[in-house]
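A.B. asks: Dropping a structure here in structure tokens format, bear with me for questions.
None of the figures in this text is laboratory data; all of them are computed from the coordinates on show. Computed from a predicted model, the values in this text were never measured in an experiment. Cβ sites come from the backbone with ideal geometry, for glycine too, and all protein chains shown count toward neighbours.
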Amino acid sequence: TMDDEKQLQLFDGFVRDAAGSEREGLVSSQPHLERVLEPAPRRTLWPETDRRDDLSDLEAVARAARDCQRCKLGGMRKNAVPGEGNPHARIVWIGEGPGADEDEQGRPFVGAAGRLLDRLIVAMGLAREEVFIGNVVKCRPPNNREPEPDEVHACLPYLARQIELIRPEIIVILGATALKALIDPKAYITRMRGKWIERGGIMIMPTFHPAALLRDPAKKHDVWADMQQVLARIK
Ligand code: URA
């Protein structure tokens, strides 16, 4: 019945919250990364997206993305790239979408831009395994074109659910596409990078995409400055 369904949803919510508070007891190899604050409250980050409450953990989101045919990219992929990393990550990094290498391997940021992102993460004193790395769209757009609005719209529920399940303290937005998709279609990355945005209790830091740094290495200074703000927050 309807009531049973509601009770079950409440119970599910309770189980998730209990799992969330257990996390505080986890022993981290990197003490500075232990969660010191309460997890961000569970709130809807992108109210305009369809909810995927049915996806109960990150593995379920990944499976759904691998089976997905919600947009035309589903028919063109070799492998979906759902994203990967620590389900209890304090920081989530979000790029645009898979390129050729990512489509080949089914893993995010494994090409040239990915190697630069790895170096950035290590330079920050973090490890790739302790953060979560994802993308706005989970399937590769042909010829690495930008994802189209209908593709972003179809795919956003997966990212929204991933973020809801992880409940990170910080999201790093990598580049203009993710900024436009997640914050404001009229936003400019050059204007908004380096400035905190708050959404549903999560602090968001937009910065340049690593591929932009490959084209214009001078931008590395800006990204490094932005990441100092991120580090200051997780101290
Ligand atoms: N660029 C992105 O935006 N995402 C990836 O996963 C790889 C390259």
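A.B. asks: Using every alpha carbon pair in segment 50-155, what percent of pairs falls into each 5 Å bin from 0 up to the bin containing the largest distance?
C.D. replies: Result returned by the calculation: 2, 13, 22, 26, 18, 12, 5, 1.
A.B. asks: For segment 91-235, just say rounded, prolate or oblate: build the C-alpha gyration tensor, square-root its eigenvalues into a ≥ b ≥ c, call rounded for a/c under 1.5, and beyond that prolate if a/b exceeds b/c, oblate if not. Intermediate values should be presented prior to the final figure.
C.D. replies: Numbers: a/c = 1.31, a/b = 1.15, b/c = 1.14.
Because its axes are fairly even, with a/c under 1.5, segment 91-235 counts as rounded.
A.B. asks: Still on this structure, I have one more. Sort Thr190, Thr207, Thr49, Thr177 so the one with the fewest other Cβ atoms within 10 Å of its own Cβ comes first.
C.D. replies: Thr190, Thr49, Thr177, Thr207
A.B. asks: Moving to a separate point now. Using 22 Å as the Cα-Cα cut-off, could you pick out the over-long pairs in Lys186/Lys235; Lys195/Lys219; Lys78/Lys138; Lys78/Lys180? Let's see the in-between values first.
C.D. replies: On the way: Lys186/Lys235 33 Å; Lys195/Lys219 16 Å; Lys78/Lys138 11 Å; Lys78/Lys180 26 Å.
Correct reply: Lys186/Lys235; Lys78/Lys180.
A.B. asks: Now, a different point. So if I average 1/r over every pair of distinct C-alpha atoms in segment 150-208 and take the inverse, what Kirkwood radius in Å does that give?
C.D. replies: It works out to 11.8 Å.
A.B. asks: What number, in percent, do you get for the relative contact order of segment 79-196 if the mean sequence gap of Cα pairs under 8 Å and at least 6 apart is divided by its residue count?
C.D. replies: 35
A.B. asks: What do you get for Rg/Rh over segment 177-222 if you use C-alpha atoms and the Kirkwood form of Rh?
C.D. replies: 0.99
A.B. asks: Continuing with this model, one more query. Measuring from label point to label point, each 7 Å out along Cα→Cβ, what is the Ala60 to Ala112 span in nm?
C.D. replies: Reported label-point gap for Ala60 and Ala112 is 4.0 nm.
A.B. asks: Just round it to a whole percent: the fraction of Cα-Cα distances in segment 117-187 exceeding 18 Å. Please list the in-between numbers first.
C.D. replies: Working: 1136 of 2485 pairs.
Here the long-distance tail beyond 18 Å is 46 percent of all Cα pairs in segment 117-187.
A.B. asks: Tally Lys/Arg at +1 and Asp/Glu at -1 over every other residue whose Cβ is under 13 Å from the Cβ of Arg145; what's the total?
C.D. replies: Net of charged neighbours comes to -2.
A.B. asks: Could you tell me the relative contact order of segment 153-235? Use alpha-carbon pairs under 8 Å, at least six residues apart, and round to a whole percent. Walk me through the numbers before you get to the answer.
C.D. replies: Values: 87 pairs, mean separation 22.2, N = 83.
About 27 percent, as a whole number.
A.B. asks: 7 Å from Cα along Cα→Cβ at both Gln229 and Val122: what's the point-to-point distance in nm?
C.D. replies: Using points 7 Å along Cα→Cβ, the separation is 2.7 nm.
A.B. asks: Please compute one quarter of the surface area of the Cα convex hull for segment 88-129 and express it in square nanometres.
C.D. replies: Taking a quarter of the hull surface, the average projection is 3.2 nm².
A.B. asks: For the residue pair Glu129 and Asp184, what label-to-label distance in nm results when each label sits 7 Å from Cα along the Cα-to-beta-carbon direction?
C.D. replies: Using points 7 Å along Cα→Cβ, the separation is 4.0 nm.
A.B. asks: Full extension from Glu104 to Lys78: what is 0.36 nm times the residue separation minus their Cα-Cα distance, to one decimal in nm?
C.D. replies: Contour length minus Cα-Cα distance gives 8.7 nm.
A.B. asks: Right, another one. At 0.36 nm per residue, minus the direct Cα-Cα distance, what do Lys220 and Glu48 gain on full extension? Give it in nm, one decimal, please.
C.D. replies: Full extension of this stretch gives 58.5 nm more.
A.B. asks: Hey, what do the phi angles of segment 219-235 turn into as Karplus ³J(HN,Hα) couplings, whole Hz, using 6.51/-1.76/1.60 and θ = phi - 60°, x for Gly and Pro?
C.D. replies: 6, 4, 4, 5, 4, 4, 4, 4, 6, 5, 5, 5, 4, 4, 7, 9, 3
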